[in-house]
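Here is the structure we will look at, set down as structure tokens.
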């Protein structure tokens, strides 16, 4: 299992594929397969069977996973997709930083 620089709740931009240029929030990470689910992107239709009164059957639209290599983290200060670097503080704590402007990324 690899360590990824993209995390849940990050704002990302899709840089490759059908959804290229669109941005969204990461809803779920799937590190075993190297994929992630982005809010309201890569929508697919699934035909579901009825499962009792609570969930009727039908055609359901939901987000499908996208490969992590096809997205880049958005920097709030640059307002652009950026590469992510790691900075180690004096106390030994790691934090993610924007490679373009040096601003800290995320809510660490």
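The values are calculated or read from the model by the stated rules, or taken from the named source; none is laboratory data. For clarity, every value in this text was computed on a predicted model and none was experimentally measured. Cβ: placed from backbone, ideal geometry, glycine included. Neighbour counts: every protein chain shown.
Values as computed for the structure displayed
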{"item": "Test: residue in the range 52-67 that is closer than 20 Å to residue 97 by Cα, in contact (Cβ under 8 Å) with a residue 12 or more places away in the chain and under 13 Å from the mean Cα position of the chain (by Cα)", "result": "no"}
{"item": "Residue among 17, 21 that is within 18 Å of residue 81 (Cβ to Cβ) and surrounded by fewer than 10 Cβ atoms within 10 Å (Cβ to Cβ)", "result": "21"}
{"item": "Strands (runs of 3 or more DSSP E) wholly inside the chain that include at least 1 residues being touching a helix residue (DSSP H, G or I) at 6+ places or on another chain (Cβ under 9 Å)", "result": "11-14, 23-30, 35-38"}
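Okay, residues lined up against (1) at pLDDT below 95; (2) out of contact with any strand residue (DSSP E or B) (no Cβ under 9 Å at 6 or more places or on another chain):
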| position | (1), (2) |
| --- | --- |
| 72 | no, no |
| 92 | yes, yes |
| 98 | no, no |
| 103 | yes, no |
| 107 | yes, yes |
